[in-house]
1. If I stretch the segment between Glu322 and Thr406 completely, what's the gain in nm (0.36 nm per residue apart, minus their alpha carbon distance), one decimal?
2. Quick one: net charge of Thr400's neighbours, Cβ under 13 Å, K/R +1, D/E -1?
3. Spin-label point model (7 Å from Cα, Cβ direction): what's the Ala192 to Ser88 distance in nm?
4. Could you compute the FRET efficiency for Thr110 and Gln253, with r as their C-beta to C-beta distance and R0 at 30 Å, rounded to 0.05?
5. Would you calculate the separation in nanometres between label points at Asn294 and Val227, each defined as 7 Å from the Cα along the Cα-to-beta-carbon direction?
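What follows draws every value from the coordinates through simple rules; no lab data is involved. A quick note: this is a predicted structure, and the numbers were derived from the prediction, not measured. Here the Cβ positions follow ideal geometry from the backbone for every residue, glycine too, while neighbour counts run over all protein chains shown.
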Amino acid sequence: MFSAASLLTIIFLALSTTGSPVEVSNSPITLPIARRLSALNGTINLLEQDRARAAALRLKGHTLKHGGHGVPIGNVVTGYYIAVGIGSPPTTYDLIVDTGTANTWIGAKTPYVEISTSIYTGTPVSVSYGTGSAYFSGLEYLDTVTLGSGLTIPQQSFGVAASHSGTFGGADGILGLGPVDLTAGTLPDEPALTIPTVTDNLHSRGTIHREVVSISFEPIIVAKEVVNGELTFGGTVRNKHGPITYTPITTTQPSSRYWGIDQSISYGSTTILSSTGIVDVGTTYILIASDAFNQYQSLTGGTPDPPTGLLLISAPQYAALENLNFNIGSETYTLTPNGQIWPRILNTYIGGSSNAIYLIVNDIGTPSGKGFDFVNGYTFAERFYCVFDTSRSRIGFAQTPYTDATTN
């Protein structure tokens, strides 16, 4: 008799080495993603959540070989969701798009019901906060996963939560798009085993030609749920971006465990940070090391706003705001003054005043030199096309029609 963990190992190996030949698709597969607003229990301090998430990611990066520390999301006020079908015929689950974790799981809202395509592995799965308290725990299943019309992955592995913390803004769970090594340690019975991700299986089965995921967002202009983004598997969509420049995944730990890069940041002509961090669309704001943030605050004249935790600036200060430049590889990606402020139409969702001007750059909570000194969150990705290339261990960036938008 095989143990549950051993059975899952055999299944994973079988999925990666057997099966009928499949024609490789040379065309990328693009799916819509929607930004959803969820003001749960009044307003929620997104900055506190972002900092807690960054701390957990940093801790997990340091302890990955020893397993078991994960990524908190908690209550989601605003985030990006994709509709994913599981089973055949499929039940649709709304999952949060997350590049900071590789585990895909459901069960936070809509229950999973076993049907004829379900394979119960009996293997426990658990992803925890950096402090070790439960984030989600349950059992690993295999089933048919459907992404968009006709795009199916037979016997994709995913977790079904028996317990979890947070309300996730009405989401059913997480679609993990991070590097597969992040799944190590999430199967307590066999902590060295990694779980093939959705992207892994699309590529290994020949459904996509390149093991690449691209994300395109548009800045939000209305305070309601709206489809304003695209998730592309296998390549990019040319009319969504300009020339792409790639930079290798950093070798500096712990950022090297994630979609980590080396970059310097300058406010106007003043360099405020030159270090290593990550790109993570599961984070809302742009977080930078404490010493860099102190310089940014001094240069912008922003003052801390207690209800939101963000820097508040006046209209004259906004008019005097300089560009914030992200120097990555051989290219510079510029956040204009409008790109540095929170969408005013969403001010009340974060506890702010409707006409106030808040900056989206804030303090990560630790000084520079930690190997995890910034997080370029989705407010960065709303201005630049992002390409996560597993096969070549690199990330690409490009300008979009919305890079210089003035919608905020």
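1. 28.8 nm
2. Here the charged neighbours net out to -1.
3. 3.4
4. 0.20
5. 4.8
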